[in-house]
Every structure is written in C-alpha cells, then in structure tokens.
Amino acid sequence: MEGYKAPQRDAMFVTHELLDYQSHYQKLGFDEASEDLVTAIFAEAAKFAENTLAPINASGDEEGCKWEDGVVTTPKGFKEAYATYVEGGWPSMAHPEEVGGQNLPYSLASIIAEWFSAANHSWAMYPGLSQGCMETLKAHGTEEQQNTFLAKLVSGEWTGTMCLTESHCGSDLGMLKCRAEPQEDGSYSLTGTKIFISAGEHDMSENIVHIVLARLPDAPEGTKGISLFVVPKFNVGPDGEKADRNAVHCGSIEHKMGIKASATCVINFDGAKGFLIGEPNRGLNCMFTFMNTARIGTGLEGLAASDAAFQGALRYAKDRIQFRSLTGRKNPDGPADPIIVHPDVRRMLLTQKAFAEGNRALAAYCMQLVDVTLYGTDAAEKQLADAKLALLTPIVKAFLTETAQESTSYGMQVYGGHGFIKEWGMEQLARDTRICTMYEGTTGIQAIDLLGRKIMGSNGELLGVFIKEVAEYCASLRGNAQFSAWTNALASHLDEWQQITMDIGKAAASNPDEIGAASVDYLMYSGYVTVAYFWLKMAVKAQEQLDAGSTEVDYYKSKIQTTGFYFDRLLTRTRSLVSAMQSGSDNLMGMTEAMFAQE
C-alpha cells in the first residue's frame with residue numbers, strides 16, 4: 001500500500017513493554033535477541049516492507065500472474081524482491097544454525113511477517129507458505145528428509161507449499177482421492193489433482209517442495225486413512241541439488257477477486273515421486289503442525305490489513321476537508337474542516353485502531369506461547385502453553401480476519417467515493433483481505449473447532465485455563481479505581497462466558513445442532529472478550545509509563561483512550577451475540593429445504 005509505514009513503535013510496546021519479550025527470550029536461551037538487536041532487525045524489516053514491497057503492491061495487483069503451458073510468471077519486481085529477501089537472510093531467521101538458520105525465535109520472525117503482508121499481501125504469501133513446510137519437516141520428517149530439503153528451504157533458495165484441497169472436498173479432507181503407491185526404492189508414486197495451492201508454481205525460487213496429503217492403497221476410509229508426503233517439483237540428486245523434473249505440473253491458475261499477484265494453482269501429480277512423512281495413515285496429525293502455523297499466519301494477514309487500512313484512512317481523514325465541525329470551525333483559514341473532526345469518521349478510525357492494536361497484542365501473546373512450545377524446557381510450562389494455544393488459535397485465525405473485513409471496509413468508507421477507486425489502494429486491501437476468512441479453514445470451521453472440538457471436547461478445561469489467567473489479572477487490579485469499570489466489565493464477561501458455554505453444552509446434549517448454531521457467535525464473543533483483556537493490560541501499562549515520567553504522552557494516552565472506546569463501543573457488541581446464541585437452533589433448522597426455494 002502506498003505510504004505504508006511499519007508499526008515499529010507499537011510492536012516494541014507490545015513485545016517489550018507489555019509482554020516483556022526480553023525476559024521471555026532470555027529464559028528460552030535466546031540471549032543474542034537483545035533489545036538493541038531486535039530494534040535493529042525491526043528497522044531493516046521496515047525498510048524492506050516500505051521501500052521494496054509496498055511500491056510493487058498496486059502494480060502487482062494490476063499485472064497479476066501469468067500462466068502458459070504450466071509455467072507461472074510473477075509480476076514485475078516480485079522475483080527481484082524475493083532475491084533481496086533471500087540476500088537479507090529473512091527466510092532463515094527462526095531456524096536452527098545446523099540447517100543454516102540464525103537461531104532467532106519464531107515470534108521475532110512472525111512480528112515482521114505482519115509488516116510484509118501489510119505492505120504487499122500477494123508477495124508475502126510466497127515465502128509465508130515455506131515456514132509451515134519447514135516446521136512440518138522439522139517436527140515429523142526423517143533425518144534424510146531434513147538433510148535433503150531443510151537447508152535449501154531455510155536459505156530461501158527453495159520454497160514450500162501445502163497441498164490439501166481437492167475439487168470435490170474443501171475442508172472435508174476425509175473425502176480426498178489423491179493416491180500414493182509404494183515403490184521398490186522406498187519412495188511413493190503420487191497421482192491426483194490438488195486445487196487452491198498458494199505459491200504452487202512460480203518463478204521466484206529454484207525448486208518448490210510440496211507437502212501433500214494422499215491415500216495409500218490399503219488405507220481405511222475417512223480421515224483415518226490419510227498419509228503425508230513430501231514431493232519436490234524437481235527431484236533432488238545425491239549432491240543435494242535439484243536434478244530431473246518430477247511429474248508435478250501446474251494445470252492452471254485461478255482468476256480471483258484479490259491477491260491477484262499470488263499464484264493460486266491447480267497442481268497435477270502424475271505419478272510424481274514422493275516420500276512418506278511420519279507414520280502411514282497419520283498424515284492429518286502431522287499436517288496439524290503446518291495447519292496451526294498457517295492459521296496463526298492467516299490471522300496475522302488480517303491484522304496486517306486492519307493496520308494498513310487504518311494508516312491509509314487516518315492520513316486521508318487528516319488531509320481531506322469536507323463540511324464544518326458542528327462544534328465550531330477547526331480550520332478557520334480553509335473552506336471546510338478536515339473530516340477527522342466529524343464523530344462518525346472518528347468512530348470508523350477508532351474501530352480500525354482498536355482492532356489493529358488490540359489484535360496485535362493478542363497475536364504477539366500467541367507468538368510468545370508458540371516460542372514456549374518450540375523452545376521451552378519446562379514440561380509443565382510447555383503443556384500450559386499448548387493448552388492456551390489450542391483455545392486461542394481458532395480465535396486468532398477467525399476473529400482477526402473477520403474484524404479485518406470491517407476495518408478494510410471502513411478504509412474505503414472514510415475515503416468516500418475515492419475509496420472505490422484503485423489509485424488509493426483501499427479497495428485492493430478489501431479485495432485482498434476477503435480471502436482470509438476462507439482459506440486455512442473458514443470462520444465456520446474455526447468456530448466449530450473452538451466450541452465443539454476444543455471447548456466441549458475438553459469438557460471446558462481449555463477455556464478454564466485461559467479464564468483463570470484473565471481472572472487472576474482482574475483480581476490483581478482490585479483497589480485500582482482508575483480501571484475498576486473496565487476490570488469489572490471484563491470479570492463479568494468471564495462469568496458470562498463460562499455460563500454460556502455450560503448452557504450450550506446442556507442444550508447440545510439433546511440436540512447436537514445447538515453447537516453449530518451458536519458456534520460463530522460464540523467465537524466472535526470469545527474474540528471480543530479476549531481482546532478486551534489485552535486492551536485492559538495495555539491501558540494499565542500505559543498509565544505506568546506515564547506515571548514514570550515518559551515524554552511520549554500522546555502515545556500512552558492514546559492507549560488509555562482507545563481502551564475506553566473498545567469497552568464502551570466494541571465489547572458491548574457481545575450483547576447481541578449473547579442474544580443470538582440464546583435463541584437456539586430452531587430458527588435455523590426449522591425451515592425445510594423446500595422453504596428456501598424462491599420459484
């Protein structure tokens with residue numbers, strides 16, 4: 001987006017002031033990740049996002065990808081930007097030194113991934129898919145597979161994908177038909193077609209490593225019969241370099257509403273050579289390593305869009321003059337006042353700001369938890385982090401992307417008619433971001449995962465773990481009159497959250513449809529309450545900094561003011577969500593299919 005600025009100051013506030021990443025890194029053994037080093041990395045990442053990625057965002061959208069005879073060409077400047085990305089060492093940040101990585105924490109790489117996505121969503125998807133590919137190989141690949149693929153992926157010379165979806169099965173992976181036949185040399189021959197494969201074919205890297213779900217000949221039906229394979233575009237020779245072309249080809253690319261510069265491919269496997277990852281028929285278990293990473297990454301894309309839309313709308317609202325303020329002229333030397341003086345424009349801007357900064361705090365918290373699961377040595381702490389991540393991952397994926405739809409829509413609305421025009425970049429943000437609620441599991445899928453699998457499936461234990469943390473924080477603020485109203489509101493919502501959960505569980509005991517009927521409203525309710533927790537924490541931290549004599553008065557006061565806006569105007573949205581959940585499933589399921597007909 002033109003004029004995009006990476007939010008370095010806010011990232012430092014969230015990571016180092018709010019969440020104390022410095023102590024977190026030291027505890028995990030990342031002593032080299034000092035505040036000075038992090039600040040330097042942020043500065044360089046900001047330059048790359050602002051000066052390399054943002055300038056080719058609109059042109060990439062205009063030009064799009066080109067497909068001809070199985071070959072995909074990315075827009076002008078994309079390949080060169082990727083080469084700069086590799087030269088800068090960005091792909092290797094969060095990987096072990098033994099495979100060529102820089103041994104820096106996952107969270108650090110993820111924070112700057114938000115900025116790359118905000119500057120150029122389409123471009124950021126190419127290296128973004130590689131991260132999950134690498135994590136899957138590190139967690140489940142054999143030593144030989146890791147030696148064959150990891151170093152090239154870590155360096156960025158090769159990129160990776162995830163190949164799940166087929167035309168007849170979207171999220172219902174138990175229906176997939178791609179088959180894998182064992183070969184005498186221990187490899188497998190894969191045959192089938194996968195669709196919607198982001199970065200499945202392009203001209204930016206020397207090789208593409210596909211992580212593929214397929215069925216063995218004797219596999220049981222359904223999800224229990226799915227295995228996982230690594231299938232390179234080019235086979236790899238004994239020297240570790242790419243060899244002959246594998247039987248993997250791009251049949252076409254999709255023509256999409258947005259992210260037009262990201263190649264979304266149909267990939268044909270025509271007896272392609274692949275290698276089994278993990279145990280036979282346990283592919284989904286291994287794939288969750290990839291999918292969970294991808295879901296958090298998709299949430300970051302939503303966050304990125306919210307922030308980019310806010311930046312653009314704020315700039316425009318300060319410059320655009322229209323009408324006079326109802327409380328008196330604010331720009332007496334001009335023919336009208338800047339539109340930022342009008343209450344409804346402020347409503348939109350503050351909603352964008354509240355979502356961008358509140359969601360950033362939630363995302364950074366989850367990245368901290370991922371660090372503990374990856375690098376922690378205390379078994380109890382790792383188990384606790386896993387439990388919290390299990391609950392929060394579907395919230396991060398769905399809430400951050402659903403609120404991004406509102407933020408990008410407001411980005412257009414603040415511009416008025418100009419928001420509908422390409423030159424300003426707002427309509428591209430809205431188009432690009434629309435996919436985020438759909439891929440890596442739709443909002444409905446995430447909601448069922450949260451309410452059905454995670455909460456009901458754990459008999460409420462996962463919810464209890466997180467609520468305990470928030471309740472303890474609220475208790476710690478007792479006696480603090482400045483924040484008592486917000487603290488009491490949050491504590492009240494915690495009680496309600498638990499009660500609603502029990503009510504839905506009770507209703508579902510006699511009618512399982514009650515879970516599906518309540519699930520999306522339940523997820524959004526959970527998101528609003530969770531982000532309220534982080535806004536309260538940010539307000540308290542901001543006041544501490546002001547009390548300590550900080551000279552950044554406006555910055556910290558804005559945190560406190562935005563907290564008030566969030567609690568008064570956004571957290572109160574939970575009232576309608578509660579009403580919808582309490583209405584039950586009859587108003588959804590009472591209609592027969594025939595009643596839907598309009599003929």
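Just so you know, all these numbers are worked out from the coordinates, no wet-lab data involved. Nothing here was measured: the structure is a model prediction, and the numbers come from that model. FYI the Cβ positions are ideal-geometry reconstructions off the backbone, even for glycines, and counts take in every protein chain you see.
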- Query: For the range 5-67 and the range 107-159, what is the separation of their C-alpha centers, rounded to whole Å?
  - Reply: 16 Å
- Note on the structure: Checked against the positive end of the charge dipole of the chain (+1 on Cβ of Lys and Arg, -1 on Cβ of Asp and Glu, about the Cα centre), the farthest of L53, G419, P338 is P338
- Using the structure shown, list the pairs from K353/K468; K194/K273; K397/K454; K66/K177; K353/K537; K152/K397 with a Cα-Cα distance above 19 Å, or answer none. K353/K468; K66/K177; K152/K397
- Rank by packing, highest mean first: peptides 355-362, 441-448, 578-585, with packing defined as the count of other Cβ atoms within 10 Å averaged across residues. 355-362, 441-448, 578-585
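Would you mind classifying the range 287-447 by shape? Square roots of the alpha carbon gyration tensor eigenvalues, ordered a ≥ b ≥ c; an a/c under 1.5 is rounded, otherwise it is prolate if a/b is larger than b/c and oblate if not.
prolate
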- Could you rank the peptides 102-108, 371-377, 195-201, 397-403 by their average count of other C-beta atoms within 10 Å per residue, with the highest value first? 397-403, 195-201, 102-108, 371-377
- Note on the structure: Of all DSSP beta bridges with both partners in the chain, the antiparallel percent, nearest 5, is 85 percent
- If we count every other residue with Cβ under 12 angstrom of G251's Cβ, Lys/Arg +1 and Asp/Glu -1, where does the sum land? -3
- Long-range HN-HN contacts of A243 with modeled amide H, under 5 Å: N235, V236, G237
- Task: Place the peptides 424-433, 223-232, 472-481 in order of packing, highest mean first, counting for every residue the other Cβ atoms within 10 Å and averaging per peptide.
- Result: 424-433, 223-232, 472-481
- Quick one, which of (1) 55, 25, 23; (2) 40, 26, 24; (3) 38, 29, 26 is the actual semi-axes √(5λ) of the Cα gyration tensor in Å calculated for this model? (3)
- To the nearest 10 degrees, how steep is helix 143-155 against the longest Cα principal axis of the chain, on a 0 to 90 scale? 50 degrees
- Query: Which value at 222 nm does the chain reach when only helices count, each DSSP H run of 4 or more adding -39,500 (n - 2.57), with the total divided by all residues and rounded to the nearest 500 deg cm²/dmol?
  - Reply: -17500 deg cm²/dmol
- Query: Stretch T377-S34 to full length: gain in nm at 0.36 nm per residue minus the Cα-Cα span?
  - Reply: 121.4 nm
- Query: What are the ³J(HN,Hα) values, in whole Hz, obtained from phi via the Karplus relation 6.51 cos²θ - 1.76 cosθ + 1.60 with θ = phi - 60°, for each residue of the range 83-95 in sequence order, with x given for Gly and Pro?
  - Reply: 4, 5, 4, 5, 4, x, x, 5, x, 9, 3, 9, 10
- Task: Using only the Cα atoms of the range 216-264, build the gyration tensor, take square roots of its eigenvalues as a ≥ b ≥ c, and label the shape rounded, prolate or oblate: rounded if a/c is under 1.5, else prolate if a/b is larger than b/c, else oblate.
- Result: oblate
- Percent relative contact order of the chain, based on C-alpha pairs within less than 8 angstrom and at least six residues apart? 12 percent
- Longest principal axis of the chain (C-alpha) makes with the long axis of helix 553-565 (C-alpha) an angle, in degrees to the nearest 10, of 90 degrees
- Message: Just to verify a number: FRET efficiency for K224 and Q561, C-beta to C-beta distance, R0 = 60 Å, to 0.05?
- Response: 0.70
- Query: K330 to K79: extension gain in nm, 0.36 nm per residue of separation minus the Cα-Cα distance?
  - Reply: 85.6 nm
- What is the range 88-152's relative contact order, in percent, from Cα pairs under 8 angstrom and six or more apart in sequence? 20 percent
- Stretched fully, the stretch from E279 through R179 gains (0.36 nm per residue minus C-alpha distance, one decimal, in nm) 34.4 nm
